[in-house]
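The values are calculated or read from the model by the stated rules, or taken from the named source; none is laboratory data. Since the structure is predicted, the reported quantities are computational estimates derived from the model, not experimental observations. Positions of Cβ are backbone-derived with ideal geometry, glycine not excepted, and every protein chain shown enters the neighbour counts.
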Amino acid sequence: MTRLNELAGRGQAIWLDYIRRAFLVSGDLENLVDQGLRGVTSNPSIFEKAIAGSADYDEDLGSLVTEDKSVEEMYEALAISDIQHAADILRSVYDQSAGVDGYVSLEVSPALARDTHGTIAEARRLFDLLDRPNVMIKVPATREGVSAVRALIGEGINVNVTLIFSRIQYEAVAEAYLAGLESRAAAGDDLGKVASVASFFISRVDTALDRALEGAKHASDLQGKIAIANAKAAYARFREIFSGDRWERLARSGARVQRPLWASTGTKNPLYPDTLYVDSLIGADTVNTVPPATLQAFLDHGQVAPALESGLDEARAVLGRLAECGFDLEAVTEKLQVEGVEAFAESFRTLMAGIAEKREKLQTGRVLLSTHLYAAYGDPMRGLGNDS
């Protein structure tokens, strides 16, 4: 039994925050599924590295050029193909878990983060194109995105709500999910056919605060503690929201909880343990989507023990001390969400520019530079799928 299987026994699923054509066709994803991996997430930054930074897609790009596809159409064709392939590999997990796990996520264009109607239309279109029951459409937890989530859940579209950094942002997301379910129930639709996760970002919170805390009098001992305390407080709120009369009415009609998904769980500070944001966030009804290096580290030496429901009073005390020291966590997390939206938008622009460059080279018959780019990016998954 692997550590991933042990986690599943405790009610937590590990998903992988990575996708790339070679990873799918090599059998590495199947091997990880055999070890207990239960899902895959993607984002514009991941696709930027995969498509613009490797030679994996060059043959398909050549075919798309002969079909005179636009840059946007080329990206979409490649991304849709990868997501469908990954969903097919994970379909056994989806079936065996009765739709709890086995999902693959694809994000709407980051350019739509402040456009509710555009997000709804794009999510509908992508969900129809993917044509798999075990896909989720990623929507950012901006005010406009949250409004879109309510509508999409009401329509039965699986949603991964991303870029959540605070309890207040999380509460708005959970409310949108419940309201969407209530809309489905009022229409007589099946509540058991829709699933959602709320992606709560972790390590970026510590990264944003640690430098300031280092120079703060009587607060330096809070370094590396805020992100986990913030997540524990959000998890406690999750337990409160998904209980009581309102939730029980929905649950009796087949509704699933919207699980918190811990995202950005790679350890960025080399002084912290490399599995810090996995070991410290283990609890029932949760998902942790990990980058390749963190998955490898956890498989090797991760600690499997319940963590989320212990130390809640301590976590609240940590957050209280942060406020007493003059730090506004809500302002920090609001800024992080804005920066996150822009970072994904920049990755998407870079991706489009990279595809445009490859398209132009193919049209003019010049040699692609993919192998050079591949050498720069490397392959973080090489050999991992074959670990036992």
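The single condition among (1) assigned to a helix (DSSP H, G or I); (2) at positive phi that A179 does not meet is (2). Of the residues screened, V338 is not one that is of a type outside the set (F, W, Y) and crowded, with 19+ Cβ neighbours inside 10 Å.
Filtered by the rule that a residue be among the hydroxyl-bearing types (S, T, Y) and surrounded by fewer than 24 Cβ atoms within 10 Å (Cβ to Cβ), the range 183-196 gives a lone residue, S183. When you go through (1) touching a residue at least 60 places away in the same chain (Cβ under 8 Å); (2) over 27 Å from G254 (Cβ atoms); (3) not β-branched (V, I, T) one by one for G102, which number turns out not to apply? Evaluating G102 over (1) touching a residue at least 60 places away in the same chain (Cβ under 8 Å); (2) over 27 Å from G254 (Cβ atoms); (3) not β-branched (V, I, T) leaves (2) as the failure.
The rows are residues; the columns are (1) closer than 29 Å to E360 by Cα; (2) in contact with a Lys or Arg (Cβ under 8 Å, 6 or more places away or on another chain).
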{"residue": "G9", "(1), (2)": "no, no"}
{"residue": "W15", "(1), (2)": "no, yes"}
{"residue": "A22", "(1), (2)": "yes, no"}
{"residue": "G27", "(1), (2)": "no, no"}
{"residue": "L37", "(1), (2)": "no, no"}
{"residue": "A50", "(1), (2)": "yes, yes"}
{"residue": "G53", "(1), (2)": "yes, no"}
{"residue": "Y57", "(1), (2)": "yes, yes"}
{"residue": "S70", "(1), (2)": "yes, no"}
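Among the residues of the range 183-217, the one identified as more than 22 Å from the chain's Cα centre (by Cα) and of a type in the set (S, T, Y) is S183. Within the range 295-341, the residues that satisfy the criterion of being acidic (D, E) and not in a helix (DSSP H, G or I) are E309, D328. Quick one: would you say G254 is in contact with a Lys or Arg (Cβ under 9 Å, 6 or more places away or on another chain) and not in a helix (DSSP H, G or I)? Yes; evaluated as a whole, the condition is true for this residue.
The rows are residues; the columns are (1) among the hydrophobic types (A, V, I, L, M, F, W, C); (2) in contact with a helix residue (DSSP H, G or I) (Cβ under 9 Å, 6 or more places away or on another chain).
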residue: R125; (1), (2): no, no
residue: P140; (1), (2): no, yes
residue: F165; (1), (2): yes, yes
residue: I168; (1), (2): yes, yes
residue: A185; (1), (2): yes, yes
residue: F200; (1), (2): yes, yes
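Scanning the range 64-82 for residues that are assigned to a helix (DSSP H, G or I), over 21 Å from the mean Cα position of the chain (by Cα) and surrounded by fewer than 17 Cβ atoms within 10 Å (Cβ to Cβ) yields V65, T66, E72, E73.
Considering only the range 48-63, state which residues are more than 21 Å from S264 (Cβ to Cβ), in contact (Cβ under 8 Å) with a residue 24 or more places away in the chain, part of a helix (DSSP H, G or I) and not charged (D, E, K, R). Within the range 48-63, I51, A52, L61, G62 meet the criteria.
Taken over the range 221-256, the residue count meeting the criterion of being surrounded by 12 or more Cβ atoms within 10 Å (Cβ to Cβ), more than 17 Å from L178 (Cα to Cα), without any contact (Cβ under 8 Å) to a residue 60 or more places away in the chain and not aliphatic (A, V, I, L, M) is 2. Scanning the range 130-170 for residues that are touching a Lys or Arg at 6+ places or on another chain (Cβ under 8 Å) and assigned to a strand (DSSP E or B) yields V159, N160, V161, T162.
Taking the listed residues E346, E342, the one that is at pLDDT 95 or above and within 30 Å of L32 (Cβ to Cβ) is E346, with no other qualifying. Scanning the range 21-47 for residues being in contact with a Ser or Thr (Cβ under 8 Å, 6 or more places away or on another chain), among the aliphatic types (A, V, I, L, M) and assigned to a helix (DSSP H, G or I) gives a total of 2. What pairs come out if I take residues in the range 7-26 that are within 19 Å of A79 (Cβ to Cβ) and surrounded by 19 or more Cβ atoms within 10 Å (Cβ to Cβ) and pair them with residues that are at pLDDT 95 or above and basic (K, R) whose C-beta lies under 7 Å away, six or more apart or interchain? Sorted first by the residue in the range 7-26, then by its partner, the pairs are W15/R38. Restricting attention to the range 150-182 and to residues that are polar (S, T, N, Q) and more than 15 Å from the chain's Cα centre (by Cα), the residue that is surrounded by the fewest Cβ atoms within 10 Å (Cβ to Cβ) turns out to be S166. Beta carbons closer than 6 Å, at least 6 apart along the sequence or on distinct chains, pair a first residue in the range 75-87 that is over 22 Å from R38 (Cβ atoms) and touching a residue at least 24 places away in the same chain (Cβ under 8 Å) with a second that is assigned to a helix (DSSP H, G or I) and among the β-branched types (V, I, T) for Y75/I355; L78/I51. One residue alone among I228, I168, I164 is in contact with a strand residue (DSSP E or B) (Cβ under 6 Å, 6 or more places away or on another chain) and at pLDDT 95 or above, and that residue is I164.
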